[in-house]
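Colleague: Sending over a structure as structure tokens; questions will come in a sec.
The values are calculated or read from the model by the stated rules, or taken from the named source; none is laboratory data. Treat the numbers as computed from the prediction; the structure is a model and nothing was measured. As a convention, Cβ positions derive from the backbone with ideal geometry for all residues, glycine included, and neighbour counts pool all protein chains shown. The accessibility values were calculated without ligands, DNA or RNA, using every heavy atom of the protein model including side chains. Shrake-Rupley method; radii C 1.70, N 1.55, O 1.52, S 1.80 Å.
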Amino acid sequence: MSQKRDFISVTDLSPAETRQLIEQAAQGKSEAGRAPLAGKTVALLFEKPSLRTKVSFQVGVAQLGGYSMYMGGEEVGLGVREPVSDVARVLSGYVDCIVARVFRHEDLRELAEYASVPVINALSDWEHPCQTMADLLTVYEHKGRLDGLTLAYIGDGNNVARSLCLALPAVGMNFNCASPAGYELDAESVTAAAERGSGVVRTMRSPSEAVATAEVVYTDVWASMGQEDEAAQRRQEFAGYTVDPALMAEARPGALFMHDMPAHYGEEVAPGMLEHPQSVAYPQAHNRLHAQKAVLEFLLGGG
């Protein structure tokens, strides 16, 4: 029996595998009737609320012929009601895969360590790899390529920014990240990203500088779930980091606008930006389904 694979970080996929899954996801949109997950059961263990992640995984598992079981945080009490290691061992006897959306990345790593089935990161405080796979699929579909493109990320150096930073160089894309002082990406991730491929990673303060060379402009909320008590302070610190039509006009002609949603209008994004002519935010959200199906099949479809 082959050793199980996890998808905890975008770095769990090689550059070649990342490209393979993006192409597979794009091709899979036109395929129907296949059931590579027939007879497979997937546990969806969610400590955080969700719209896109929950629905896309449940629909994706069903479309691949499998069965999913959703469990909210209050049902399991991960690390509170039961140790993470016990949850991992017990679930491994029932299901073929664990998809976990957690507060602490350390809990996700412990799940993967003790589970004998694949574990997929559906969001943690450190990375959001499934979102990044959908992002790459969206860029690939709308630009026809990934190599040589530049994505400018405007805002907090959070889990979404980190996964983009680590994934883009591996597929030949450049990554510009503009953040206010104190909210930058960690140096370790920037260094690791530079070793993953030909793409160049640059961090800076100025949103205008970041978008000037960009074919894609991306933003995310200033205060993520669990940071609500910092929201007022962050609104002050992030003044000037709102993506609006004026900032988009500074990007390269035909640049895409992306947002992983939910959006906080009047903060990181101006009202109406998700409907902007250059916005692909809704196709980006829909691509969560197709990218995650490719990941599920990659981890579980081998028999």
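Colleague: Would you mind calculating the relative contact order of the range 31-134 from Cα pairs under 8 angstrom and at least 6 residues apart, reporting the percent as a whole number?
Modeller: 27
Colleague: Have a look at LEU137, ASN159, GLY148 and report the one farthest towards the positive end of the charge dipole of the range 85-175, computed about the Cα centre with Cβ charges (Lys/Arg +1, Asp/Glu -1).
Modeller: GLY148
Colleague: Once the range 83-199 is represented by equal point scatterers at the alpha-carbon sites, with solvent omitted, what log10 I(q)/I(0) does the Debye formula produce at q = 0.10, 0.13, 0.20 Å⁻¹?
Modeller: Computed log10 I(q)/I(0) values: -0.37, -0.59, -1.04.
Colleague: If you don't mind, there's one more thing I want to ask. With respect to the cross-link table entries LYS48/LYS143; LYS4/LYS143; LYS29/LYS143, which display a Cα-Cα separation exceeding 28 Å?
Modeller: Result: LYS48/LYS143; LYS4/LYS143 exceed 28 Å.
Colleague: Could you compute the net charge surrounding LYS293? Neighbours are other residues with a C-beta less than 11 Å from the C-beta of LYS293; K and R count +1, D and E count -1.
Modeller: Net local charge, LYS293 excluded: +1.
Colleague: How would VAL190, VAL87 rank on accessible area, largest to smallest, probe 1.4 Å?
Modeller: VAL190, VAL87
Colleague: Using a 10 Å cut-off on Cβ atoms, rank the peptides 121-128, 108-115 from the highest mean neighbour count down. Can you show the working numbers first?
Modeller: On the way: 121-128: 24.9, 108-115: 21.1.
Ranked by mean Cβ neighbours within 10 Å, highest first: 121-128, 108-115.
Colleague: What is the sum of charges around GLU23, taking Lys and Arg as +1, Asp and Glu as -1, for the other residues whose C-beta is under 12 Å from the C-beta of GLU23?
Modeller: Within the 12 Å Cβ shell, the charges total +1.
Colleague: If I require 15 Å or longer along the helix axis, counting alpha carbons, and a Kyte-Doolittle average no lower than -0.5, what helices from the chain are left? Use full DSSP H segments.
Modeller: Helices meeting the span and hydropathy rule in the chain are 52-63, 129-143, 281-300.
Colleague: Over all distinct alpha-carbon pairs, what is the Kirkwood Rh of the range 118-171 in angstrom? Don't skip to the end; give the middle numbers.
Modeller: On the way: mean 1/r = 0.0847 Å⁻¹.
About 11.8 Å, per the Kirkwood formula over Cα pairs.
Colleague: Just round it to a whole percent: the fraction of Cα-Cα distances in the range 214-303 exceeding 18 Å.
Modeller: For the range 214-303, the fraction of Cα-Cα distances above 18 Å is 53 percent.
Colleague: Restricting attention to the range 14-89, which trypsin sites (Lys or Arg not before Pro) occupy a DSSP loop and are surrounded by at most 10 other Cβ atoms within 10 Å? Before the final figure, lay out the partial values.
Modeller: Values: sites: ARG19, LYS29, ARG34, LYS40, ARG52, LYS54, ARG81, ARG89; in loops: LYS29, ARG34, LYS40, ARG81.
In loop regions of the range 14-89 (DSSP not H, G, I, E or B), there are no sparsely surrounded trypsin sites (Lys or Arg not before Pro).
Colleague: Also: Please report, as a whole percent, how much of the solvent-accessible surface of the range 174-251 comes from carbon and sulfur atoms (probe radius 1.4 Å).
Modeller: 49
Colleague: Can you pull the Rg over Rh of the range 120-253, Cα-only, Kirkwood?
Modeller: Numbers: Rg = 14.1 Å, Rh = 14.9 Å.
When Rh is taken as the Kirkwood radius, the ratio is 0.94.
Colleague: Sticking with this structure for a sec: Tell me, what are the semi-axes, in whole angstrom and largest first, of the equivalent ellipsoid of the range 207-263 as set by the roots of 5 times the Cα gyration tensor eigenvalues?
Modeller: Whole-Å semi-axes of the equivalent ellipsoid: 24, 13, 7.
Colleague: With the radius of gyration and the Kirkwood radius both derived from the Cα set of the range 245-284, what is their ratio Rg to Rh?
Modeller: Rounded to two decimals, Rg/Rh equals 0.93.
Colleague: Find, among the GluC sites (Glu not before Pro) in the range 178-272, those assigned to loop by DSSP (not H, G, I, E, B) with at most 10 other beta-carbon atoms within 10 angstrom. Before the final figure, lay out the partial values.
Modeller: On the way: sites: GLU184, GLU188, GLU195, GLU209, GLU215, GLU228, GLU230, GLU237, GLU250, GLU267, GLU268; in loops: GLU184, GLU195, GLU215, GLU250, GLU267, GLU268.
Counting only loop positions with at most 10 other Cβ atoms within 10 Å, the GluC sites (Glu not before Pro) in the range 178-272 are GLU195.
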